[in-house]
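The values are calculated or read from the model by the stated rules, or taken from the named source; none is laboratory data. Quantities reported herein were computed from a predicted structural model and do not represent experimental measurements. We place every Cβ from the backbone using ideal geometry, glycine too, and count neighbours over all the protein chains shown.
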Amino acid sequence: MTEIEKDLLKEVNELRTNPKGYAEKIEKNKQYFKDKIYRHPDDKNKVRTEEGAEAYDEAIDFLKNKAVAVEALTPSKGLNKIAIDILTEYQKDIDAKLDLDAIIGKHGTLQGAYKQVVQFGSSRPEQIIINLVVSDGDKTRGQRDALLMEDMKKVGVAYGTHETYRNLTVITECSKFENTIDGDDSA
């Protein structure tokens, strides 16, 4: 894992193990809205959102009042490779029809639940995870739910550039992963 990928994993695990504390991070970042435009002082670009600060308020409320702390995720070499393969496909074609069975099978075997989350644009690990938690424009908040699923135990993280969206992050999670290709799966 690169340093930014390690930082992303640290953010995910902070969210999972302390959702109320993570709500405070989101609350601090809410101040950078002007109408539906978000611009953090550490970011070069402004972001036009669909919901604006209201989505931040909803995420804060959820993390403070409904989310339950769950176990931290353990890095997996195999899931990292899967995340890298997915990232590479999306770098080539954002609308790529992924053959997840083939990608996963190339690196090992999944048991139980599997989820992936994808985030475009942001370059700071904290902002990437905040964006996934807030899930602006997605009323189902599916990415947030995936990051907070209790039965997820293993994780892979890939971060890279994207021609149109500047940056791209892929996080893969599962209940159990057997690395049948390389043997030991600990990252």
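Okay, here's what the table says:
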{"item": "Single residue of the range 101-155 satisfying the filter (in a loop (DSSP other than H, G, I, E, B) and of a type in the set (Gly, Ala, Ser)) that is farthest from Ile171 (Cα to Cα)", "result": "Gly137"}
{"item": "Candidates Ala96, Ala53, Ala23, filtered to the one that is small (Gly, Ala, Ser) and within 17 Å of Phe120 (Cα to Cα)", "result": "Ala96"}
{"item": "Members of the range 24-60 found to be in a helix (DSSP H, G or I) and either of a type in the set (Asp, Glu) or without any contact (Cβ under 8 Å) to a residue 12 or more places away in the chain (or both), listed by number", "result": "Glu24, Glu27, Lys28, Gln31, Tyr32, Glu54, Asp57, Glu58"}
{"item": "Residue selected from the range 143-175 under the condition among the polar types (S, T, N, Q) and under 16 Å from His107 (Cα atoms), by the criterion surrounded by the fewest Cβ atoms within 10 Å (Cβ to Cβ)", "result": "Ser175"}
{"item": "Residues of the range 18-46 satisfying the condition of being within 18 Å of the chain's Cα centre (by Cα) and within 18 Å of Gln143 (Cβ to Cβ)", "result": "Pro19, Tyr22, Ala23, Lys25, Ile26, Asn29"}
{"item": "Matching residues, the range 106-123, being farther than 30 Å from Tyr38 by Cβ and modelled with pLDDT of 90 or more", "result": "Lys106, His107, Gly108, Thr109, Leu110, Gly112, Ala113, Tyr114"}
{"item": "Total residues in the range 1-15, condition under 12 Å from the mean Cα position of the chain (by Cα) and of a type in the set (Val, Ile, Thr)", "result": "1"}
{"item": "In the range 86-100, the residues that are assigned to a loop (DSSP other than H, G, I, E, B), touching a helix residue (DSSP H, G or I) at 6+ places or on another chain (Cβ under 7 Å) and modelled with pLDDT of 90 or more", "result": "Leu98"}
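Yes/no matrix, rows are residues, columns are (1) free of Cβ contacts under 8 Å to residues at least 40 places away in the same chain; (2) surrounded by 16 or more Cβ atoms within 10 Å (Cβ to Cβ); (3) of a type in the set (D, E, K, R):
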site	(1), (2), (3)
Leu73	no, yes, no
Ile86	no, yes, no
Ala96	yes, no, no
Ala113	no, no, no
Asp138	yes, no, yes
